[in-house]
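Trainee: Take this structure, written in structure tokens, and hold onto it; I'll ask about it next.
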Amino acid sequence: MSENDVSKEVIIHSRCSKHSNILKVIDCNISKDYLWIAMEMADGGDLFDKIEPDIGVDAEVAQFYFQQLLRAIHHLHEVCGIAHRDIKPENILLDKSGNLKLADFGLASQFRRKDGTKRLARDQ
């Protein structure tokens, strides 16, 4: 990833991380020589590890995670004007209480400008 790509990811993730179902960015620093990001701990691992091969997850568990995912996506779209563009079980983390935390904003794209107008995503 280029320095510009990393900066864009951190900025977008930071702006959107105020929602309870999006992994929080606590602090970060980007300079010419280094980058560090302090993020909320996701003690529960990722959703991919919770899905049993050829079985899946219990219907109640799936509904619980789906509702949380929809709330996170609604926040991204309606409040932030951001499309995540890489939602998959590996990018969905769980906190110690089992709550969903959407992560990895590397492919995210801003589709709504500050003035409210929408723009076409042309990258990737």
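Just so you know, all these numbers are worked out from the coordinates, no wet-lab data involved. Remember, it's a predicted structure, so these values are computed and weren't measured experimentally.
Trainee: What are the principal axis extents of the Cα atoms in the chain, in Å, biggest first?
Mentor: Principal extents (largest minus smallest coordinate, Cα): 44, 35, 25 Å.
Trainee: Across the chain, how many lysine pairs, 8 or more positions apart or on different chains, have C-alpha atoms separated by under 22 Å? Please give the number.
Mentor: For the chain, qualifying lysine pairs total 20.
Trainee: So what is the relative contact order of the chain, in percent, for Cα pairs below 8 Å that sit 6 or more residues apart?
Mentor: Relative contact order comes out at 29 percent.
Trainee: With n ≥ 4 as the cut-off for DSSP H runs, can you work out [θ] at 222 nm for the chain, using -39500 (n - 2.57) per run divided by the number of residues, rounded to the nearest 500?
Mentor: Only helices count here, giving -8000 deg cm²/dmol.
Trainee: For a bin width of 5 Å, list the pair-distance distribution of segment 36-92 built from all Cα-Cα distances, rounded to whole %.
Mentor: Percent of Cα pairs in each bin: 4, 14, 20, 25, 20, 11, 4, 1.
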